[in-house]
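What follows draws every value from the coordinates through simple rules; no lab data is involved. Please read these numbers as outputs of a predicted model, since none were measured by experiment. Neighbour counts are summed over all protein chains in view; Cβ atoms, including those assigned to glycine, are modelled from backbone coordinates with ideal geometry.
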Amino acid sequence: MDMIEVAQRRQQEEIEHALAARPMQATGRTHCANAECGEPIVQVRQQMGAQLCIDCQRAVERGAQSCARGAV
Ligand SMILES: [Zn+2]
């Protein structure tokens, strides 16, 4: 029983480490992640953790929607 308890505790610690190592989700990029674009991202969207400028984000969302619709 002790072995299991130790293993569980270690697993829990590993999960906590992984979570701590993850970059803060609230910190977005200052410029668009699309290398061909590189447009600055407005501060409000940066705080929301945006990775793309509004134009690229819209293009992605449009693409995702059409993909989802195609799948259904
Ligand atoms: Zn962009």
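Ranking of 54, 15, 41 by neighbouring Cβ atoms within 10 Å, starting from the fewest: 15, 54, 41.
For the pair residue 37 and residue 66, the difference between a 0.36 nm per residue extended length and the Cα-Cα distance amounts to 8.2 nm.
Within the shell of other residues whose beta carbon sits under 14 angstrom from the beta carbon of residue 58, the net charge comes to -1, with Lys and Arg scored +1 and Asp and Glu -1. The residues 55, 2, when put in order of fewest to most other Cβ atoms within 10 Å, stand as 2, 55.
Counting beta carbons within 10 Å around each of 37, 56 and listing the fewest first gives the order 37, 56.
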